[in-house]
Amino acid sequence: MIFDISYFQKLTKSYRFPSKVIALESTPSTNQWLKECDEECFEHGILVIADHQTKGRGQYRRTWVSGPGVNITCSLGLIPHRNRNIHTLIHLTGLSIAMAIQENYPTVSVQLKWPNDILFNGKKAGGVLTETVFQGNKVRRVILGFGLNINLRVMPKELERTATSLLLESGRATSREEVLSTILSNFNKYYHSWERDIYEWKHLYNEFLLGMNKRCRCVLTTQKGESSSVIGMCKGLQSDGMLLIEDEDGEKKRFSHEQIRIYPLE
Ligand code: BTN
């Protein structure tokens, strides 16, 4: 089914974001679209949504494959008023998604796997990819792209054990327009705090965080791609966007979202 743009606009008409919506039948990647669109087109709060992405991208240079017409694949473009703590916006986006699902689908257990995989009942249903465009040292564009499996009925065999959709977990088909408008309603609320340097929402994020207050194996990857691992207690997202891990000697260590993957041991 084609995304119903006029219904979506009706649902979001009182919102600050999206300030403008571009609905595309097909595009390689909505993140790429926002990276490349010209200055007159890009504005704070622009949302690009595609019914089909042909070259969707994920974190760690992976691809993001999503069937046409059934899922959400979109990107929100922002021009934040400051550079500081831009990287916390990835968590704010994940939280907005998690909250939207938890509020409306109480039978689905939603978790966030650091930094931002969206899990439904323990299986991956979505993810967030943020990209930043700089001009000199000033942030010109922040692109918050996310994909969420909504009405996908059949998972490819090789993904059945690890991936899922909202339909498969809740047992009912859902309006993509309504889910996306709820996500954005949450985003508007949390962004308002973010702009004022208020990070109370990090407690909410930590409630969804897989491994929170548990012993975890933490896999660290350097920029050169070398990895090592450490065992420690996961103490959650901090106000500066770092993940706090207390190792087995009680030493506190902070990691950015690109540096670490965590795997709960209990
Ligand atoms: C991940 O889990 O690795 C992140 C997946 C992010 C996918 C979304 S779909 C919309 C936007 N455009 C892209 O090319 N990627 C993001």
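With the requirement that a residue be surrounded by fewer than 18 Cβ atoms within 10 Å (Cβ to Cβ), farther than 17 Å from SER256 by Cβ and among the hydroxyl-bearing types (Ser, Thr, Tyr), what does the stretch 94-144 give you?
Result: THR107, SER109.
Residues in the stretch 148-168: is at least one part of a strand (DSSP E or B), in contact (Cβ under 8 Å) with a residue 60 or more places away in the chain and of a type outside the set (D, E, K, R)?
Checking the stretch 148-168: at least one residue is part of a strand (DSSP E or B), in contact (Cβ under 8 Å) with a residue 60 or more places away in the chain and of a type outside the set (D, E, K, R).
Residues of the stretch 240-266 being open to solvent by 30 Å² or more (accessible area, probe 1.4 Å) and under 18 Å from the mean Cα position of the chain (by Cα), which ones?
ASP240, MET242, GLU258, GLN259, ARG261
Enumerate the pairs (first residue in the stretch 79-105 and farther than 17 Å from ARG176 by Cβ; second residue anywhere and open to solvent by 20 Å² or more (accessible area, probe 1.4 Å) and not basic (Lys, Arg)) with beta-carbon separation below 6 Å, excluding pairs fewer than 6 apart on the same chain, so at least 6 apart or on different chains.
Within 6 Å, the pairs are ILE79/HIS44; ILE90/THR130; LEU95/LEU204.
How do the pairs read when you match residues in the stretch 54-65 that are more than 6 Å from the ligand (Cβ to nearest atom) with residues anywhere that are charged (D, E, K, R) and modelled with pLDDT of 95 or more, using Cβ under 9 Å and keeping only pairs 6 or more apart or on different chains?
THR63/LYS55; THR63/ARG57
Looking at the stretch 67-93 only, could you name the residues that are buried (at least 23 other Cβ atoms within 10 Å of the Cβ) and among the small types (Gly, Ala, Ser)?
Once the filter is applied, which keeps residues that are buried (at least 23 other Cβ atoms within 10 Å of the Cβ) and among the small types (Gly, Ala, Ser), the stretch 67-93 yields SER75, GLY77.
The values are calculated or read from the model by the stated rules, or taken from the named source; none is laboratory data. Just so it is clear, the model here is predicted, and its values are computed rather than measured. Every residue, glycine as well, gets a Cβ built from its backbone with ideal geometry; the counts of neighbours run over all protein chains shown. Just the protein is used for accessible areas: all its heavy atoms, side chains included, with ligands, DNA and RNA removed. Shrake-Rupley method; radii C 1.70, N 1.55, O 1.52, S 1.80 Å.
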